[in-house]
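**Q** This is the structure I have questions about; it appears just below.
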Amino acid sequence: METPRSIEFDFRKEVIRKLIHLASLSIPLGYWFFLSQSVVLTVLIILTVFSLFVDIGRLFSPPFSKFYNSLFQSILREHETTEKKKNLTGATYVLISAVICIALFPKIIAVTSFSILIISDTASALFGRKFGKHKFKKIAGGKKSWEGSIAFVLSAIIVILFTPKIEYTFGEYVLAIIASVGGAIAELLSFDIFDDNFAIPLATGALMWLFYIGFFPEINLHSI
């Protein structure tokens, strides 16, 4: 049974995790303002391979696992440390999803969908842990809340208001907001199936792309 002290400790732990998570904003910002697709992908692939090797060592080498946990145990989630089911860390999934998004999606979609992952996943996790009283009882193992999902969508709308558009039409904002709702749904449905760091940007980006193709076929997504 969780005590108020344990809940507060878990929240502080989540705050630390999400502060680190927010550092990943350097990926879409760097890609949009400073670096070409090829440079960003080269750097990300190198980091992803390194992170995968670290995870392999953590999962299959007890001495390395002990060393790794001594450094990062305080910020790892239970599913990242349990021996019952071997899982990659959230950081590795962030890198993998970044590589896929930037490699596959048009630049504007990759930047928007990945920014939503970083900002909205952070808002959802922190707000849900602190204020989440109304749980989805039949979804996500009963661990996700309406409050967290609402925080996800509202923060995603803010992200959409500030991220670039092709023509800045009202329709572009609407389709991006609808896609962000799809990202929130993906976060819920992916629980215990896919890591949300993987599911959110891919679902959001894929929906945005489909909506652009379906409703604004005249817009050249590769014009910027």
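Please treat every number below as a calculation from the coordinates, not as lab data. Not measured: the values here are computed from a predicted model. Here the Cβ is made from the backbone with ideal geometry for all residues, glycine too, and neighbour counts use every protein chain on show.
**Q** Given a Förster distance of 35 Å, report the FRET efficiency between residue 134 and residue 56 from their Cβ-Cβ distance, rounded to the nearest 0.05.
**A** Efficiency computed from Cβ-Cβ geometry: 0.35.
**Q** Counting only GluC sites (Glu not before Pro) that are in a DSSP loop and have at most 12 other C-beta atoms within 10 Å, tell me the longest site-free stretch of the chain.
**A** Value returned for the longest uninterrupted segment is 84-166.
**Q** Using only Cα atoms and rounding to the nearest 10 degrees, what angle (0 to 90) does helix 90-104 make with the longest principal axis of the chain?
**A** Between the helix axis and the principal axis of the chain, the angle is about 20 degrees.
**Q** Anyone know which of 103, 125, 184 comes out most mobile in the 10 Å Cα GNM of the chain?
**A** It is 103.
**Q** Moving on. So, with +1 on the Cβ of K and R and -1 on the Cβ of D and E, and no other charges, what is the size of the charge dipole of segment 127-224 about its Cα centre, to the nearest 20 debye?
**A** Taking the Cα centre of segment 127-224 as origin, the dipole is about 680 debye.
**Q** Shifting gears a bit: Restricting to DSSP H runs of at least four residues, report the calculated mean residue ellipticity at 222 nm for the chain, -39500 (n - 2.57) per run over all residues, nearest 500 deg cm²/dmol.
**A** Using -39500 (n - 2.57) per qualifying helix, the result is -24000 deg cm²/dmol.
**Q** Return the long-range amide H neighbours of residue 105 (sequence gap of 5 or more, or a different chain), with a cut-off of under 5 Å between placed amide H atoms.
**A** So residue 105 has HN proximity to no qualifying residue.
**Q** Apply the Karplus curve 6.51 cos²θ - 1.76 cosθ + 1.60, θ = phi - 60°, to the phi angles in segment 143-149 and return the couplings in whole Hz, x for Gly and Pro.
**A** Taking θ as phi minus 60°, the curve returns 9, 9, 10, 4, 4, x, 5 Hz for segment 143-149.
**Q** Of the residues 26, 180, 149, which exhibits the maximal mean-square fluctuation in a Gaussian network model of the chain defined by a 10 Å Cα contact cut-off?
**A** 26
**Q** Right, another one. Which far-off residues, 5 or more places away or on another chain, put their amide H under 5 Å from the one on residue 145, with H placed in the peptide plane?
**A** Result for residue 145 returns 136.
**Q** A further question on this structure: I want to verify a result. In a Gaussian network model of the chain, Cα cutoff 10 Å, which of these has the top mean-square fluctuation: 56, 177, 102?
**A** Top of the fluctuation ranking is 56.
**Q** To continue, here is another question. Over its Cα atoms, what ratio of radius of gyration to 2.2 N^0.38 Å does the chain give?
**A** Rg over 2.2 N^0.38 Å, computed on Cα atoms: 1.05.
**Q** Work out the length of the dipole vector of the chain about its Cα centre, built from +1 on the beta-carbon of each Lys and Arg and -1 on the beta-carbon of each Asp and Glu, and round it to the nearest 20 debye.
**A** Once rounded to the nearest 20, the dipole reads 700 debye.
**Q** Now for a different question. Just in segment 21-77: which trypsin sites (Lys or Arg not before Pro) are loop by DSSP and have at most 16 other Cβ atoms within 10 Å?
**A** Filter output for segment 21-77: 77.
**Q** Please list, in order along segment 163-169, the HN-Hα scalar couplings obtained from phi with the Karplus expression 6.51 cos²θ - 1.76 cosθ + 1.60 (θ = phi - 60°), rounded to whole Hz, x for Gly and Pro.
**A** Those phi angles translate into 7, x, 10, 7, 10, 6, 7 Hz.
**Q** Follow-up. Which chymotrypsin sites (Phe, Trp or Tyr not before Pro) does segment 141-224 hold that lie in a coil by DSSP with at most 12 other beta carbons within 10 Å?
**A** Taking segment 141-224 and a limit of 12 other Cβ atoms within 10 Å, the loop chymotrypsin sites (Phe, Trp or Tyr not before Pro) found are 168.
**Q** May I ask you to evaluate 6.51 cos²θ - 1.76 cosθ + 1.60, the Karplus curve with θ = phi - 60°, for each residue of segment 208-224 and list the ³J(HN,Hα) values in order in whole Hz, giving x for glycine and proline?
**A** For segment 208-224, the Karplus curve yields 4, 4, 4, 5, 4, 5, x, 10, 9, x, 6, 7, 8, 5, 9, 6, 10 Hz.
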